[in-house]
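Take a look at the structure below.
Nothing in this text is a laboratory measurement; each read-out follows from the coordinates by a stated rule. Computed from a predicted structure; not experimentally measured. So basically every Cβ, Gly included, is an ideal-geometry build from the backbone, and we count neighbours across all protein chains shown.
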Amino acid sequence: MSHTAIHEDHSAEVKKEVVRVTIILSVLTIIELALGFFMMGIDAPGTRLLIKGIIVILMLSKAFYIVAYFMHLKHEVRNLIMTICVPLCLFFWFITAFLYDGNSFRNLRNTYDPHYKEQSTIKVEKKELKHEEKKEEAPVDTQRRTD
Amino acid sequence: MSTTTTATTTTKLWGGGRSPFNVEYGKLMMWYFLMSDALTFGAFLISYGTIRFSTNGWPDPNKVFKSYPFAAEGVNAPLVFVSIMTFILIISSVTMVLAVQAGKDMKKKAVAINLILTIIGGLAFLSCQAWEWNHLHNEGAWWGMNPFPNADGTASSTNFTNYFFTITGFHGFHVFSGVIINIIMLIMTLTDQFEKRGHYLMIEKAGLYWHFVDLVWVFVFTCFYLI
């Protein structure tokens with residue numbers, strides 16, 4: 001009898017936690033969306049970068065809440081938490097290395113490939129030429145690839 | 001006192017005869033599978049980031065994803081439709097948690113109801129995605145076709161649409177298989193398979209997969225629609 005009582009108690013506790021985490025996730029999403037809307041009116045690259053950084057931090061905290069509470073990882077044994085989380089630390093290096101590499105590639109092309117740089121500054125005509133634009137685009141792309 | 005308890009549990013955990021991770025085999029393997037899946041999605045998203053960092057211009061997502069179903073032609077409502085999709089997935093994740101918890105409490109009816117709600121959420125998300133793909137396709141976007149110019153007005157490459165359709169397609173396929181798994185779980189619940197086994201542990205594994213799908217969407221949503 002007492003066993004069921006404890007069980008019911010635990011169940012109610014879990015439900016309370018689920019409600020709490022749902023509210024946190026919704027609030028974080030709403031903040032993200034608000035920042036997204038706010039960012040539309042801003043042109044300064046520095047401010048945009050700052051907002052993007054905040055959005056990424058919010059994204060990571062959402063990921064934490066989903067994994068820790070919905071996927072229950074926080075309540076698992078330490079061994080399991082470590083087995084899952086430690087290999088994923090590779091991502092720190094992956095992200096740093098690959099984004100740095102991409103950025104470096106762009107700088108190199110802009111410095112040493114004047115044709116590429118010129119191509120990427122040509123403005124396309126607005127909507128009226130939508131269909132022609134589509135046809136034109138294919139050759140531009142192949143040209144770029146052969147460079 | 002607390003240190004001694006930890007010490008004894010540790011020796012018990014590694015004493016043999018039971019999983020040192022204190023979970024059953026299937027759940028541990030589900031975790032390992034999800035870890036490898038995380039690496040796959042990570043590879044996709046990092047590749048997207050690398051290409052985006054290596055090009056001078058990129059289309060503005062707010063000018064690409066700005067419509068919703070039954071909207072008038074030329075409507076400008078960025079982020080609206082995708083936020084609905086995001087909330088659908090979060091809510092379906094919540095009902096899945098409730099299904100898992102009901103399974104722990106051995107409440108068959110609650111498990112079935114919550115699973116049905118989760119399946120509805122998954123199907124709703126898939127319908128939203130199907131609409132969005134169809135809409136973009138009608139605008140001339142597809143693999144190898146990109147009608148959207150860069151944010152600064154310069155000609156764009158097809159990288160944007162290639163990555164968008166590949167990554168959201170891969171995620172959508174995960175949602176689809178998650179829905180199938182949930183339907184199988186629902187059938188097994190309704191035919192009393194879990195009652196006969198005496199536990200609903202299988203629902204927990206399906207739940208882990210479903211939450212992972214939600215988790216991936218958090219990243220996809222941020223990378224493609226917000227930043």
Going by the conditions given, is B:ILE187 crowded, with 19+ Cβ neighbours inside 10 Å and away from every other protein chain (no Cβ under 14 Å)? no
Regarding the stretch A:71-89, can at least one residue be identified that is within 7 Å of chain B (Cβ to nearest Cβ), of a type in the set (A, V, I, L, M) and assigned to a loop (DSSP other than H, G, I, E, B)? yes
Looking only at the stretch B:133-160, which residues are more than 20 Å from B:TYR48 (Cα to Cα) and assigned to a helix (DSSP H, G or I)? B:ASN134, B:HIS135, B:HIS137, B:ASN138
Pick from the stretch B:156-167, criterion hydrophobic (A, V, I, L, M, F, W, C) and crowded, with 21+ Cβ neighbours inside 10 Å, ranking: nearest to the other protein chains (Cβ to nearest Cβ): B:PHE160
Take B:ILE180 and decide whether it is surrounded by fewer than 19 Cβ atoms within 10 Å (Cβ to Cβ), farther than 25 Å from B:ILE227 by Cβ and in contact (Cβ under 8 Å) with a residue 24 or more places away in the chain. no
A:ILE30 vs. criteria exposed (fewer than 13 other Cβ atoms within 10 Å of the Cβ), of a type in the set (A, V, I, L, M), free of Cβ contacts under 8 Å to residues at least 12 places away in the same chain and not in a helix (DSSP H, G or I): no
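Here are B:VAL179, B:VAL175, B:VAL100, B:VAL111: which of them is within 11 Å of chain A (Cβ to nearest Cβ) and either in contact with a Gly (Cβ under 9 Å, 6 or more places away or on another chain) or more than 24 Å from A:VAL27 (Cα to Cα) (or both)? Give the steps one after another, and end with the answer.
Details: B:VAL179 fails: within 11 Å of chain A (Cβ to nearest Cβ); B:VAL175 fails: within 11 Å of chain A (Cβ to nearest Cβ); B:VAL111 fails: within 11 Å of chain A (Cβ to nearest Cβ).
Criteria check complete, one pass: B:VAL100.
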Can you find a residue in the stretch B:65-88 that is among the hydroxyl-bearing types (Ser, Thr, Tyr), without any contact (Cβ under 8 Å) to a residue 24 or more places away in the chain and either on the phi > 0 side of the Ramachandran plot or in a helix (DSSP H, G or I) (or both)? yes
Which of the residues belonging to the stretch A:90-114 are among the β-branched types (Val, Ile, Thr) and either loosely packed, with under 12 Cβ neighbours inside 10 Å or more than 7 Å from every other protein chain (Cβ to nearest Cβ) (or both)? A:THR96, A:THR111
Log entry, pairs with first residue in the stretch B:118-135 being over 15 Å from B:PHE164 (Cβ atoms), second being of a type in the set (Ser, Thr, Tyr) and in a helix (DSSP H, G or I), beta carbons closer than 6 Å, six or more apart or on different chains, reads B:THR118/B:SER92; B:THR118/B:THR95; B:GLY121/B:SER92; B:GLY122/B:SER92
For the stretch B:28-64, give me each residue that is not charged (D, E, K, R) and not in a helix (DSSP H, G or I). B:THR55, B:ASN56, B:GLY57, B:TRP58, B:PRO59
Touching a helix residue (DSSP H, G or I) at 6+ places or on another chain (Cβ under 6 Å) and farther than 28 Å from B:TYR225 by Cα, is that true of B:ASN146? no
